[in-house]
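See structure below.
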Amino acid sequence: PFSVVHFHHGQTAEKKQVRFRDQAQKFVENLCESEGVECLVEKSSKTLKSEAEFRDFRLNYLKNKTNSHWIFLAHQMEDLFETRILRLIRGTGPEGIKAMKFQRGSWIRPLLEVSGKELRAY
């Protein structure tokens, strides 16, 4: 069986951001429905304020509420670039600059060589 999990990071004071999150959720739900794929939506019940809180919210769900052998993550080229820049700013060494890997255990990031522009065009 194959499922898609969409994470809605919940409410924020910025209405434009909430609208985007709602639209993204609807897009994923509609795409899954048209392809006959199960769609699970996990929406935060509290206001998440930082990237660390967003990440913890997602990882907690994936580690504790799924029993999947393989987990495919949607990180793409700009996510990798952003992570590397942030690590450089924080003073990481050569090992830290490697950032995200295509595969780490059962976690796979197949879109690391695809740009956000290419994904939006698709």
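Here are a few things to note about the model shown:
- Probe 1.4 Å, accessible area per residue of the chain, Å²: 76 Å²
- Cα-Cα over 25 Å, subset of LYS46/LYS98; LYS43/LYS65; LYS46/LYS117: LYS46/LYS98; LYS46/LYS117
- Amide hydrogen neighbours beyond the local backbone of ILE108, cut-off 5 Å, H modeled: ILE71, PHE72, LEU73
- Listed peptides 38-50, 85-97 appear in the order 38-50, 85-97 once ranked by packing, highest mean of other Cβ atoms within 10 Å at the front.
- On full extension, the segment bounded by ASN30 and VAL4 gains 8.2 nm, given 0.36 nm per residue less the C-alpha separation.
- Each residue of the chain gets 134 Å³ once the volume of the Cα convex hull is shared out per residue.
- Restricting the chymotrypsin sites (Phe, Trp or Tyr not before Pro) of the stretch 22-78 to loop positions (DSSP other than H, G, I, E, B) with no more than 13 neighbouring Cβ atoms within 10 Å leaves TRP70.
- CD proxy at 222 nm, helix term only [per DSSP H run n ≥ 4: -39500 (n - 2.57); per residue of the chain; nearest 500]: -14500 deg cm²/dmol
- By accessible area, using a 1.4 Å probe on protein heavy atoms only, the stretch 1-114 has 54% of its surface on carbon and sulfur.
- Label-to-label distance for ILE97 and VAL37 is 3.4 nm, based on points extended 7 Å past Cα in the beta-carbon direction.
- Among GLN76, PRO94, GLY10 - extreme Cα towards positive end, dipole of the chain, charges at beta-carbon: PRO94
- Residue-wise HN-Hα couplings along the stretch 107-117, as the Karplus relation 6.51 cos²θ - 1.76 cosθ + 1.60 with θ = phi - 60° gives them from phi, are 9, 10, 10, x, 9, 5, 9, 10, 7, x, 4 Hz; Gly and Pro carry x.
- Estimated distance in nm for a label pair at LEU59 and ARG19, the labels positioned 7 Å out from Cα along Cα-to-Cβ: 3.3 nm
- In this Cβ point-charge picture (+1 for Lys and Arg, -1 for Asp and Glu), the stretch 1-106 has a dipole of about 420 debye about its Cα centre.
- Cα gyration tensor category, rounded, prolate or oblate, for the stretch 12-72 with a/c compared to 1.5: oblate
The values are calculated or read from the model by the stated rules, or taken from the named source; none is laboratory data. Treat the numbers as computed from the prediction; the structure is a model and nothing was measured. Cβ: placed from backbone, ideal geometry, glycine included. Neighbour counts: every protein chain shown. Ligands, DNA and RNA are stripped out before the accessible areas are found, and what is left, the full protein with its side chains, is counted by its heavy atoms. Shrake-Rupley method; radii C 1.70, N 1.55, O 1.52, S 1.80 Å.
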